[in-house]
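Colleague: Here it is, the structure, as structure tokens.
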Amino acid sequence: MKSLGSIRRSFSPWTDPAAKPYIVFENVTKKFGDFTAVNNLSLTIYEREFFALLGASGCGKSTLLRMLAGFDEPTSGRILLDGQDMRGIPPYRRPVNMMFQSYALFPHMSVEQNIAFGLKQEGMPKADIDKRVADMLKLVKLEQFAKRKPHQLSGGQRQRVALARSVAKRPKVLLLDEPLGALDKKLREETQFELMDLQQNLGLTFVVVTHDQEEAMTMADRIAILDKGQVMQVATPAEVYEAPVSRFVAGFVGNVNMLEGTVAERSEKTATIKGASGAEIRVENAGDATAGSTVAFAIRPEKIKVSSKKPDGAANVMEGEIYDLAYLGDMTVYHVRLADGQVVKASALNSSRITEDPLSWNDKAWISFAPDAGVVLTR
Amino acid sequence: MNATWSRFNIASIVLGFAFLYLPIVLLIIFSFNESKLVTVWAGFSTKWYGELFRNQSLMDAAWVTARVGVLSATFATILGTMAALALTRYTRFRGRVLFSGMVFAPLVMPEVITGLSLLLLFVAIGLDRGFLTVTLAHITFSMCFVAVVVQSRLMTFDRSLEEAAMDLGATPVKTFFQITLPVILPAVISGWMLAFTLSLDDLVIASFTSGPGATTLPMKIYSQVRLGVTPEINAACTILIAIVATGVIIASLVNKRREVQRLRDEQAANRG
Amino acid sequence: MAETTLATTPSASQEAVPQQGTWLAALTGRLVIIIPYAWLLILFLVPFLIVFKISLSQTAIAMPPYSPTFDLAGGISGLWESFREFSFDNYLWLTEDPLYFNAYVSSVVIAAISTFFALLIGFPIAYGMARAPATVRPLLLMLVILPFWTSFLIRVYAWIGILKPEGLLNQFLIWTGLIDQPLIILNTHSAIFIGIVYSYLPFMVLPLYSALEKMDYSLIEAAQDLGCPPISAFWKITFPLAMPGIVAGCLLVFIPATGEFVIPDLLGGSQTLMIGKTLWNEFFSNRDWPVSSAVAVILLLMLVVPMMFFQQAQAKAQEQGR
């Protein structure tokens, strides 16, 4: 089976028309005074999904999360959780829990008191609370820290307490606001996988807000990319990366070369795009681009091959010179200036220690790529 | 930073603090003077303190002052904390400008005006002047000081703590008593202490609003001071200073210790 | 774990409960405003209106010693009757007798001079504190606040023993040989200046300190690096940046000092004229409530403008604190 990004998924309820969505945002708008934080947004999230809301700060992703938690009410539109309209239900009566960006650990309570807080509100019997707290401490491997106060913990430990506290009530949905934002890089990478395992084991629905695309790509089943309060694209990480629907999405996630031009020729699947300087690109899967329209051909640097000799048999070949290069160890990034002056980024994996054909500054070089190596974007 | 702390800086601090503390220190020293003449040293003695405790009217006044202080400080703390919450949590409500004006104005309002206006109110509504009216008056002006103290703490309060509590199922009222109040408690306590000392110190407002049988200690001291300086009053003042200073110093030591402990804990946590 | 452990209550009741919950929450939220608001209205604002009303009444030999009194039994017409009896006689009286005018003027002058000296003395202290090593600063701060906690009356009283002709200051000066006749300080304006500066110094130092402490010292270094000599750097950098603190400190000293009673009464002697003392005497000695109310109304009107400045400075500080 062919799949984008070489990942085959067994969990994909969004492709099943019979699957019932679990969380529904229906034409939700949220205004703060004159500022529109969320603009007529619709979104569906499925049960047991790990869903990421990705966007720059101020794009409305946190507002979306806060509306789901009940801290803000939509100005218009509605939010359904498991078929029930959430309007007017205060946060303390919603079956969702949130892990806060600042962790919001109660400073005057010990770790176990923090974890037990939500259970006590529920009126759970003391013995059950003790057992659940013990389970949670074990889950996040903090058994010996039960009696400590939050300020006696390291950043990573605090993050785990916050997590344990928010899942202790076994909420239907766990909301995570930049859950790894306060951790250093190494800890963040470890914790990403821990979060994924936890979600799998507990079978919860996770909605995570993040501005870190790598984090979203690693953890999420699907990603919603937001800009100015609107959804730009909702798709799996591979789709978002390999088949972005717009110039914004292509540019937001990862590195990309955007080759602008007009569609000179168009057949059922293929097309020829003519650049401003007359260079032509042959592409497959041209999507909805009509002949004569202005489009961008978006291609990722790693899909472009750089060589010192003109390659044979490649569908698209262009001549240029090495304008800049960066050796990063695992790979080398080339900036190649084409005849028309445009600079194209290409990266090559350094799969062997010694290169037969090293390229250097100002060397003449050829770039080449396959017709299906990029996507044609009309928006 | 040490390099910028010049001799001039140190000198101005030393002289400034000498100016602030010398009069009080002299007063304390002369409360232990043997002689009736307060400004001529005639040997160490604690006889004026004994004298003081035998002065029944002074003791009565002290008892009134203590009761007024505790009562008014307690109510002022409750009301002041509410006012602080209203000012920080509700950025817009009808009459907010008037409200914040009424909270800040008593901080600088000349006491003669506050005292006179409250007295005239009590007369107008036919409330007999006495213990109750002094207490009401003290609540009114000291709640504003409490409001300012608590408000500055609330300003740095992390609202997500409250959101987290509500998210975990606590109602707003429970959230306030289980989360907000415990976290801002140090500020509330220092608000109480401030209200108590303000009540303990007040002469002008008490003179206006108090009546027969509710003479406070400052009123008593004032009436004696007008007749001249006596070692007995020096002794009374020394005791008052000692009480307040002990309270303030203990409070700040406890605070300091807690902070140091906290810093140590945090460093330990981050090391491993 | 799709079978959530949260009890799923029937949707009907679940819809009813949150309605009530939010309604209750809204009410308790409002109570936080309503209770202190009502308290301040009744015990702070209404009393001023009464002061104003009584300042328009006549002196009477009765209890309370003014007429007309509030007669709620008379209803609207009764209220109207009493309005007709109001007069501005008391205010006219204030303008006719130069005693009051002089008292107002000398109060403002004394308060202004004292404020200036408080700033002059307070600034170096605050500056020194702000430049002190960070470990010492909390201690210094506490030392400034501590006198504020001790009784105002006591602190003023302490100066009597120092300033009087046979007091400690004169004893000391005569002992050093600087003077051979005791200086007369007590019961003069100088004693009032000393008393006000001393009593209100913490109010000056604290806002100055908090403004100066925030200032980045590298600004001064940058100014000097750019060729600005230290004195000029002080006037061009430090002083403007400390301005909010200076304004707040001066207002905190000036406003209450204008209406001060204890200091002029204990240190100023009988011939000093300050309005707070005049009001006190009018009220307690002459038992003339309407005139003392009129004195209070004028004093308040004089202080309204600086008070509004103070209020604005507070609001601004609040905005920045956010």
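Colleague: Show the residue pairs meeting these rules: Cβ distance below 6 Å; 6+ apart or different chains; first residue within segment C:261-282 and within 8 Å of another protein chain (Cβ to nearest Cβ); second residue among the hydroxyl-bearing types (S, T, Y).
Modeller: Short answer, once both residue conditions are applied: C:L279/C:S292.
Colleague: Exactly one condition in (1) surrounded by fewer than 16 Cβ atoms within 10 Å (Cβ to Cβ); (2) touching a Pro at 6+ places or on another chain (Cβ under 9 Å); (3) within 13 Å of chain B (Cβ to nearest Cβ) is false for A:G88; which is it?
Modeller: Tallying (1) surrounded by fewer than 16 Cβ atoms within 10 Å (Cβ to Cβ); (2) touching a Pro at 6+ places or on another chain (Cβ under 9 Å); (3) within 13 Å of chain B (Cβ to nearest Cβ), A:G88 fails exactly one: (3).
Colleague: If you take the residues in segment B:68-94 that are surrounded by fewer than 17 Cβ atoms within 10 Å (Cβ to Cβ) and facing chain C (nearest Cβ under 7 Å), which one is nearest to C:I42 (Cα to Cα)?
Modeller: Result: B:F93.
Colleague: Here are C:I145, C:I162: which of them is under 22 Å from C:V247 (Cα atoms), within 8 Å of another protein chain (Cβ to nearest Cβ) and assigned to a helix (DSSP H, G or I)? Outline the logic, then answer.
Modeller: Numbers: C:I162 fails: under 22 Å from C:V247 (Cα atoms).
From the options C:I145, C:I162, the qualifying one is C:I145.
Colleague: Does any residue of segment C:108-116 turn out to be in contact with a Gly (Cβ under 8 Å, 6 or more places away or on another chain) and assigned to a helix (DSSP H, G or I)? Spell out the reasoning first.
Modeller: First pass over segment C:108-116, keeping only residues in contact with a Gly (Cβ under 8 Å, 6 or more places away or on another chain): none.
No, that holds for no residue.
Colleague: Let me confirm something: among C:Y200, C:Y157, C:Y127, which residue is within 9 Å of chain B (Cβ to nearest Cβ), assigned to a helix (DSSP H, G or I) and either farther than 30 Å from B:R257 by Cβ or touching a His at 6+ places or on another chain (Cβ under 7 Å) (or both)? Quick ask: steps written out before the conclusion?
Modeller: Details: C:Y200 fails: within 9 Å of chain B (Cβ to nearest Cβ); C:Y127 fails: either farther than 30 Å from B:R257 by Cβ or touching a His at 6+ places or on another chain (Cβ under 7 Å) (or both).
None of the other options fit; the residue is C:Y157.
Yes/no matrix, rows are residues, columns are (1) facing chain B (nearest Cβ under 10 Å); (2) modelled with pLDDT of 85 or more; (3) more than 26 Å from C:L300 (Cβ to Cβ):
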| position | (1), (2), (3) |
| --- | --- |
| C:T4 | no, no, yes |
| C:P10 | no, no, yes |
| C:F48 | yes, yes, no |
| C:V51 | yes, yes, no |
| C:G74 | no, no, yes |
| C:S82 | no, no, no |
| C:W93 | no, no, no |
| C:F101 | no, yes, no |
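Colleague: Out of C:G249, C:G245, C:G276, C:G227, which single residue is in contact with a Gly (Cβ under 7 Å, 6 or more places away or on another chain) and over 25 Å from C:D97 (Cα atoms)?
Modeller: Exactly one residue qualifies, and that residue is C:G249.
Colleague: If you check A:R300, A:R266, A:R282, which single one turns out to be within 29 Å of A:V333 (Cβ to Cβ) and out of contact with any helix residue (DSSP H, G or I) (no Cβ under 9 Å at 6 or more places or on another chain)? Outline the logic, then answer.
Modeller: Working: A:R300 fails: out of contact with any helix residue (DSSP H, G or I) (no Cβ under 9 Å at 6 or more places or on another chain); A:R266 fails: within 29 Å of A:V333 (Cβ to Cβ).
After ruling out the rest, the residue left standing is A:R282.
Colleague: Looking at (1) surrounded by fewer than 22 Cβ atoms within 10 Å (Cβ to Cβ); (2) facing chain B (nearest Cβ under 8 Å), which is the one condition that is false for C:L173?
Modeller: Single failed check for C:L173: (2).
Colleague: Read through the list (1) within 13 Å of chain A (Cβ to nearest Cβ); (2) within 26 Å of C:M142 (Cβ to Cβ); (3) of a type in the set (S, T, Y), then give the number of the only condition that B:T197 fails.
Modeller: Of (1) within 13 Å of chain A (Cβ to nearest Cβ); (2) within 26 Å of C:M142 (Cβ to Cβ); (3) of a type in the set (S, T, Y), only one is false for B:T197: (1).
Colleague: Tell me which of these A:T63 doesn't satisfy, since it passes every other one: (1) farther than 15 Å from A:V96 by Cβ; (2) without any contact (Cβ under 8 Å) to a residue 12 or more places away in the chain; (3) within 14 Å of chain B (Cβ to nearest Cβ).
Modeller: (2)
Colleague: Inside segment C:217-261, can you point out the residues that are over 27 Å from B:I113 (Cβ atoms) and either surrounded by 22 or more Cβ atoms within 10 Å (Cβ to Cβ) or of a type in the set (D, E) (or both)?
Modeller: C:E221, C:D225, C:A242
Colleague: Out of all the residues in segment C:18-33, which are loosely packed, with under 14 Cβ neighbours inside 10 Å and either modelled with pLDDT of 90 or more or more than 10 Å from chain B (Cβ to nearest Cβ) (or both)?
Modeller: The answer is C:Q19, C:Q20, C:W23, C:L27.
Colleague: Another question about this same structure. Considering every residue within segment A:360-373, establish whether at least one is closer than 26 Å to A:V249 by Cα, touching a helix residue (DSSP H, G or I) at 6+ places or on another chain (Cβ under 6 Å) and surrounded by 13 or more Cβ atoms within 10 Å (Cβ to Cβ).
Modeller: Keep residues of segment A:360-373 that are closer than 26 Å to A:V249 by Cα, which gives A:367-373.
Cutting the leftovers down to touching a helix residue (DSSP H, G or I) at 6+ places or on another chain (Cβ under 6 Å) gives us A:369, A:373.
Checking which are surrounded by 13 or more Cβ atoms within 10 Å (Cβ to Cβ) leaves us with A:369, A:373.
The answer is yes; a qualifying residue exists.
Colleague: What strands (runs of 3 or more DSSP E) lie completely within segment A:119-237 and have 3 or more residues being surrounded by fewer than 22 Cβ atoms within 10 Å (Cβ to Cβ), of a type in the set (A, V, I, L, M, F, W, C) and touching a residue at least 12 places away in the same chain (Cβ under 8 Å)?
Modeller: Values: elements: A:173-177, A:205-210, A:222-227, A:230-235.
Those strands (runs of 3 or more DSSP E) span A:230-235.
Colleague: In segment A:344-379, how many are charged (D, E, K, R), part of a strand (DSSP E or B) and within 17 Å of A:K303 (Cα to Cα)?
Modeller: Taking segment A:344-379 and keeping what is charged (D, E, K, R), we get A:345, A:353, A:356-357, A:363-364, A:372, A:379.
Those left that are additionally part of a strand (DSSP E or B): A:345, A:364.
Narrowing further to those that are within 17 Å of A:K303 (Cα to Cα): A:345.
Number of matching residues: 1.
Colleague: Looking at this structure, is C:L183 away from every other protein chain (no Cβ under 11 Å), among the hydrophobic types (A, V, I, L, M, F, W, C), outside any helix (DSSP H, G or I) and closer than 26 Å to B:L27 by Cα? Talk me through it step by step, then tell me what you get.
Modeller: Values: away from every other protein chain (no Cβ under 11 Å): yes; among the hydrophobic types (A, V, I, L, M, F, W, C): yes; outside any helix (DSSP H, G or I): yes; closer than 26 Å to B:L27 by Cα: yes.
Here the answer is yes, as C:L183 does meet what is asked.
Colleague: Yes or no: B:A235 more than 8 Å from chain C (Cβ to nearest Cβ), surrounded by fewer than 21 Cβ atoms within 10 Å (Cβ to Cβ) and either free of Cβ contacts under 8 Å to residues at least 24 places away in the same chain or on the phi < 0 side of the Ramachandran plot (or both)? Step through it out loud before you land on a result.
Modeller: On the way: more than 8 Å from chain C (Cβ to nearest Cβ): yes; surrounded by fewer than 21 Cβ atoms within 10 Å (Cβ to Cβ): no; either free of Cβ contacts under 8 Å to residues at least 24 places away in the same chain or on the phi < 0 side of the Ramachandran plot (or both): yes.
Criteria not met by B:A235.
Colleague: Determine whether A:G88 is under 30 Å from A:L43 (Cβ atoms) and in contact (Cβ under 8 Å) with a residue 24 or more places away in the chain. Show your work before the answer.
Modeller: On the way: under 30 Å from A:L43 (Cβ atoms): yes; in contact (Cβ under 8 Å) with a residue 24 or more places away in the chain: no.
Judged against the criteria, A:G88 is not a match.
Colleague: I'm told A:F248 meets every condition in (1) under 25 Å from A:V28 (Cα atoms); (2) under 9 Å from the mean Cα position of the chain (by Cα) except one. Can you identify the failing condition by its number?
Modeller: Every condition holds for A:F248 apart from (2).
Colleague: If you take just the helices (runs of 4 or more DSSP H) that sit entirely in segment B:97-189, which of them hold at least 2 residues that are buried (at least 24 other Cβ atoms within 10 Å of the Cβ), more than 7 Å from every other protein chain (Cβ to nearest Cβ) and not small (G, A, S)? If you could, list the steps in order and put the result at the bottom.
Modeller: On the way: elements: B:111-124, B:131-155, B:159-167, B:172-175.
Fully inside segment B:97-189 and qualifying: B:111-124, B:131-155.
Colleague: Right, here's the next one. Out of C:A132, C:A211, I need the residue that is surrounded by 16 or more Cβ atoms within 10 Å (Cβ to Cβ) and facing another protein chain (nearest Cβ under 8 Å). Which one? It would help to see each step written out before you state the result.
Modeller: On the way: C:A211 fails: facing another protein chain (nearest Cβ under 8 Å).
Exactly one of C:A132, C:A211 is surrounded by 16 or more Cβ atoms within 10 Å (Cβ to Cβ) and facing another protein chain (nearest Cβ under 8 Å), namely C:A132.
The values are calculated or read from the model by the stated rules, or taken from the named source; none is laboratory data. Only a predicted model underlies this, so the values are computations on that prediction, with no experimental measurement involved. For neighbour counting, all protein chains shown are included, and Cβ atoms are generated from backbone atoms with ideal geometry for every residue, glycine included.
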